[in-house]
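Below: one structure, written as structure tokens.
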Amino acid sequence: MSGTVALITGASSGIGEAAALSLASRGASVALVARRADRLAELADRIRGEGGVALVVEADVTSQEAAVAAVRRTVDELGRLDTLVNNAGVMLLGPVVDAPVEEWQRMVSVNVLGLLYTAHAALPHLLAAATNGRRKVADMVNVSSVAGRVARNGSGVYNATKHAVGAFSESLRQEVTGRYVRISLVEPGAVSTELADHNRPEILETIRQRFADVERLEADDVADTIAYIVTRPRHVAVNELLVRPTQQQA
């Protein structure tokens, strides 16, 4: 990926952090986008210490203006955009009955609107990279979830947001694949990250019990999946990849 630029949202922890390290180790310059600037700075220092190029972009992509500015700054300072990893997301589970509606609003804002805003801002640059770049191909990887394939009692709105990501990704794939912009959907199962930690205590305990006997994926496992997708030859597109812990049944 030498000579290419990748923008990763949700880069301050978990899958986003691991993906940034993985792509940087393969030669990509990386724009690190998230709200927690202190964590981004630490990650950037690590990448630079290993000889890579990293740009810290503090932004909340639920704001269209912030998403547009993050993409613009990436292109202005790093010169181009070849790869977008739409990873920012939140998972707030629980019954629909008597649910705190603000949790639904947060998930829709981050998981759907944030992804849409960033994708829309990045697309002209991805199309340009596919036309003029050395590799003659560009990539958008949208991180969804097994929840985007299987609906479960207690995760209805999270399911809805991740199904939306899948539908959007497939429609966009059909629109731009003939122009060598590859749209890929990654659907992880249970991963050992901070994602579940923001749930209410009673919901968090339910999640812990469900996966108590499952050896979860690590963020690096999903980052390896993303790196595999974006390093395929120009004529190969991995459109959808479901990756679960071996012991996870659903």
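We did not get these values from a lab; they are worked out from the coordinates using the rules stated. Fair warning: this is a prediction, and the values are worked out from it, not measured in the lab. For neighbour counting, all protein chains shown are included, and Cβ atoms are generated from backbone atoms with ideal geometry for every residue, glycine included.
The listed residues are SER22, SER13, SER29, and the only one of them that is touching a residue at least 60 places away in the same chain (Cβ under 8 Å), buried (at least 21 other Cβ atoms within 10 Å of the Cβ), within 21 Å of ASN142 (Cα to Cα) and of a type in the set (Ser, Thr, Tyr) turns out to be SER22. Among the residues making up the range 93-125, those that are assigned to a helix (DSSP H, G or I) and either over 22 Å from GLY166 (Cα atoms) or over 16 Å from the mean Cα position of the chain (by Cα) (or both) are VAL101, GLU102, GLU103, TRP104, GLN105, ARG106, PRO124, HIS125.
Under the condition of being part of a loop (DSSP other than H, G, I, E, B) and within 15 Å of the chain's Cα centre (by Cα), the residues counted in the range 191-217 number 2.
If the requirement is being of a type in the set (S, T, N, Q) and touching a residue at least 60 places away in the same chain (Cβ under 8 Å), which of these qualifies: ASN199, ASN159? I'd like the intermediate steps shown before the answer.
Details: ASN159 fails: touching a residue at least 60 places away in the same chain (Cβ under 8 Å).
Residue meeting the stated conditions: ASN199.
Considering the conditions (1) surrounded by 24 or more Cβ atoms within 10 Å (Cβ to Cβ); (2) in a strand (DSSP E or B); (3) without any contact (Cβ under 8 Å) to a residue 40 or more places away in the chain, VAL56 is excluded by exactly one of them, (1).
If a residue has to be under 27 Å from LEU92 (Cα atoms) and aliphatic (A, V, I, L, M) to count, how many in the range 204-248 make the cut? If you could, list the steps in order and put the result at the bottom.
Residues of the range 204-248 that are under 27 Å from LEU92 (Cα atoms), as a first pass: 204-226, 239-248.
Filter once more, keeping what is aliphatic (A, V, I, L, M): 204, 207, 212, 214, 217, 219, 222-223, 226, 241-243.
Selection size over the range 204-248: 12.
Summed over the range 59-82, the residues that are touching a helix residue (DSSP H, G or I) at 6+ places or on another chain (Cβ under 8 Å), more than 30 Å from ALA151 (Cα to Cα) and not in a helix (DSSP H, G or I) give a count of 4. Residue check: is ALA250 crowded, with 16+ Cβ neighbours inside 10 Å and either farther than 26 Å from ALA129 by Cβ or not basic (Lys, Arg) (or both)? Answer is no for this residue.
With of a type in the set (Val, Ile, Thr), closer than 24 Å to PHE168 by Cα and surrounded by fewer than 16 Cβ atoms within 10 Å (Cβ to Cβ) as the only criterion, which of VAL222, VAL236 stands out?
Values: VAL222 fails: surrounded by fewer than 16 Cβ atoms within 10 Å (Cβ to Cβ).
VAL236 is the lone residue from the list that is of a type in the set (Val, Ile, Thr), closer than 24 Å to PHE168 by Cα and surrounded by fewer than 16 Cβ atoms within 10 Å (Cβ to Cβ).
Within the range 125-167, the set of residues being buried (at least 18 other Cβ atoms within 10 Å of the Cβ), β-branched (Val, Ile, Thr) and under 25 Å from TYR180 (Cα atoms) comprises VAL137, VAL141, VAL143, VAL165.
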